[in-house]
Every structure is written in C-alpha cells, then in structure tokens.
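In what follows, a single structure is set out as structure tokens and then discussed.
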Amino acid sequence: MNWILLVIAGLFEAGFAACLGKARTATGTAVYYWYAAFFVCLAISMLLLIKVSRQMPIGTAYAVWTGIGAVGAVLLGIFVFKEPADFWRIFFLCTLVASVVGLKVVSS
C-alpha cells in the first residue's frame, strides 16, 4: 500500500510542476486558479510523502517520489508544453525510470 501511495504522491508532484507551467502562460484570473491548483497538488503530495515515510526509509521514499515527479514533469513538458524530445532527454529519462525501479526492487 505504501508504494501505491508513493506513486500517487509522485504524480501529484508532477501535477504541481505542471500547474506552475500553466500559470506561467495563463492570463487574468486563470493565473490564480493555476496557483491554487499548485498549492492543492503540493499539499496532497507532501502529506502522502509524510505518511509513506513513516513506514519506509526516507532515502528510498524521497528518491522514488522525486523520480516519479521528475519523470512526470518531463513527460508533461514534452506532451503538454511541447518541449523538445531529443535523444539525450529520452535516454536520461529512461535511466531515471530504471533507477526508480531499481530502488523498488532492492527495497522490497
């Protein structure tokens, strides 16, 4: 169950990064909605990380949380914000995913 909560927390981390990106391009009152969504995603992500870290080593939990958030943020950047998807970005994204999977395997 902790691993599921950790994945959800990581997805909310990617969500708050996406909200920052959307707020940057928004105009008018929409900016405030994106910042509000940022704070909601941030709070949910942090609360889940706190819950998970009570029963899992903090080093593993934090590394997996940031890894999932980083992968999610890069993928959102590529697909939503039209950032480049060149070979090296994809290569290092794959190494990051492999590292997160490796931490899961050795932490079981």
Condition met for Thr25 (of a type outside the set (A, V, I, L, M, F, W, C), surrounded by fewer than 18 Cβ atoms within 10 Å (Cβ to Cβ) and either under 26 Å from Ile4 (Cβ atoms) or in contact (Cβ under 8 Å) with a residue 12 or more places away in the chain (or both)): no
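Return the residues of segment 63-96 that are part of a helix (DSSP H, G or I) and either exposed (fewer than 14 other Cβ atoms within 10 Å of the Cβ) or touching a strand residue (DSSP E or B) at 6+ places or on another chain (Cβ under 7 Å) (or both); say none if nothing qualifies.
So the first thing to find is which residues in segment 63-96 are part of a helix (DSSP H, G or I), and the list is 63-79, 87-96.
Residues satisfying the conditions are Phe79, Phe87, Trp88, Ile90, Phe91, Phe92, Cys94, Thr95.
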When (1) of a type in the set (Val, Ile, Thr); (2) modelled with pLDDT of 95 or more; (3) surrounded by fewer than 17 Cβ atoms within 10 Å (Cβ to Cβ) are applied to Ile44, the one that fails is (3)
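Within segment 78-108, track down each residue that is closer than 23 Å to Ile8 by Cβ and either of a type in the set (D, E, K, R) or in contact with a helix residue (DSSP H, G or I) (Cβ under 7 Å, 6 or more places away or on another chain) (or both).
Step one: filter segment 78-108 for residues closer than 23 Å to Ile8 by Cβ, giving 78-81, 93-94, 96-108.
Hits for segment 78-108 are Val80, Phe81, Leu93, Leu96, Val97, Ser99, Val100, Leu103, Lys104, Ser107.
The values are calculated or read from the model by the stated rules, or taken from the named source; none is laboratory data. Because the structure is a prediction, the values reported are computed rather than measured. Heads up, the Cβs are rebuilt from the backbone with ideal geometry, glycines too, and the neighbour counts pull from every protein chain shown.
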